[in-house]
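K.L.:
Before I ask anything, let me first share the structure, which is written out below as structure tokens.
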Amino acid sequence: DWFTVEADAGAVPEEARQMQQVLRYYLDHDRDNFGISAISETHQAIKNLLVYGNGALALEWDGERKRPIWSFVDIRDLYLDPQAKSPVVDLSRSLIRRSMLTIEEIKNWGNIPGANLPSDDELFTLSGYADVSGVIVKDNQDAMRGMLPVSARSFTEFTPHKMIEVLSYWSTTRHVIVLGGRHVFLSVENPYKFIPFTIAPYCIVPGKIMGYSL
């Protein structure tokens, strides 16, 4: 087994084994309709861990399919509490995940409870506020390593495919989503009561957020 579930003090070992069997099924099978398993996502996180020093995964819940989702997150798109003394997420007061989503994808979020979905005109305007400097840096880093850059920059004039910068803020108590650095799309209590990301360093540097890379 590539992971285990151990019974805590006072817990029944048989329940831990049953939980491990359930989790193994979820993690070994696809997390969506495209056949991507948790093992495939973990492979990408491990590559980030070796190249950049830290590897990251998001741990979320799919309410429609009633199952956990384990997905790769590029460490270059995560911003931790600058006062944190360790890459362990539990020791960070908050975390921000940056992503680029299309107008079409954001409109699909309109039914989220508490969401404040902008009008089509506002979404089009927000697509012009994307800060692409971080994307350019990532493209250059990949190019220097001989990798084909997979840029998040939008080159389309087709409005539904224009991209908007999405900043997703997490603390143990709040979840806030900001579109284009200007529009608060969501501001609700954190349903998990913990920050749903995990970060592993290749080599821990005492007192630092980032780890040494290979």
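K.L.:
Quick check on my filter: what residues within the stretch 58-87 are at negative phi and among the charged types (D, E, K, R)?
P.N.:
Once the filter is applied, which keeps residues that are at negative phi and among the charged types (D, E, K, R), the stretch 58-87 yields 60, 62, 64, 65, 67, 74, 76, 77, 81, 85.
K.L.:
Among the numbered conditions (1) at pLDDT 90 or above; (2) in contact with a Phe, Trp or Tyr (Cβ under 9 Å, 6 or more places away or on another chain); (3) of a type in the set (A, V, I, L, M, F, W, C); (4) open to solvent by 40 Å² or more (accessible area, probe 1.4 Å), tell me where residue 177 comes up short.
P.N.:
Of the numbered conditions (1) at pLDDT 90 or above; (2) in contact with a Phe, Trp or Tyr (Cβ under 9 Å, 6 or more places away or on another chain); (3) of a type in the set (A, V, I, L, M, F, W, C); (4) open to solvent by 40 Å² or more (accessible area, probe 1.4 Å), the odd one out for residue 177 is (4).
K.L.:
Moving on. Filtering the stretch 65-77 down to residues that are touching a residue at least 60 places away in the same chain (Cβ under 8 Å) and touching a helix residue (DSSP H, G or I) at 6+ places or on another chain (Cβ under 7 Å), which residue is nearest to residue 36 (Cα to Cα)?
P.N.:
It comes out as 74.
K.L.:
Can I ask one more? Looking only at the stretch 125-154, which residues are of a type in the set (A, V, I, L, M, F, W, C) and at pLDDT 70 or above?
P.N.:
Hits for the stretch 125-154 are 126, 136, 137, 143, 144, 147.
K.L.:
If you don't mind, another one. Regarding the stretch 156-172, can at least one residue be identified that is in contact with a Ser or Thr (Cβ under 9 Å, 6 or more places away or on another chain), open to solvent by 50 Å² or more (accessible area, probe 1.4 Å) and modelled with pLDDT under 90?
P.N.:
Within the stretch 156-172 (the criterion being in contact with a Ser or Thr (Cβ under 9 Å, 6 or more places away or on another chain), open to solvent by 50 Å² or more (accessible area, probe 1.4 Å) and modelled with pLDDT under 90), the answer is yes, since at least one residue qualifies.
Each row is one residue, and each column tells you yes or no for (1) part of a loop (DSSP other than H, G, I, E, B); (2) of a type in the set (Phe, Trp, Tyr); (3) in contact with a helix residue (DSSP H, G or I) (Cβ under 8 Å, 6 or more places away or on another chain).
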site	(1), (2), (3)
164	no, no, yes
169	no, yes, no
172	yes, no, no
194	yes, yes, yes
205	yes, no, no
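K.L.:
Separate question: What strands (runs of 3 or more DSSP E), lying completely within the stretch 45-144, carry at least 2 residues that are closer than 23 Å to residue 203 by Cβ, under 16 Å from the mean Cα position of the chain (by Cα) and not hydroxyl-bearing (Ser, Thr, Tyr)?
P.N.:
Per the criteria, 54-62, 67-73, 78-80.
K.L.:
Return the pair list, or none, for Cβ contacts closer than 8 Å from residues in the stretch 52-64 that are open to solvent by 60 Å² or more (accessible area, probe 1.4 Å) to residues that are among the small types (Gly, Ala, Ser), at least 6 apart or on different chains.
P.N.:
Qualifying pairs under 8 Å: 60/71.
The values are calculated or read from the model by the stated rules, or taken from the named source; none is laboratory data. Keep in mind that what you see is a predicted model, and the values were worked out from it rather than measured. Cβ sites come from the backbone with ideal geometry, for glycine too, and all protein chains shown count toward neighbours. Each accessible area value is taken on the protein alone, full model and side chains, heavy atoms only, with ligands, DNA and RNA left out. Shrake-Rupley method; radii C 1.70, N 1.55, O 1.52, S 1.80 Å.
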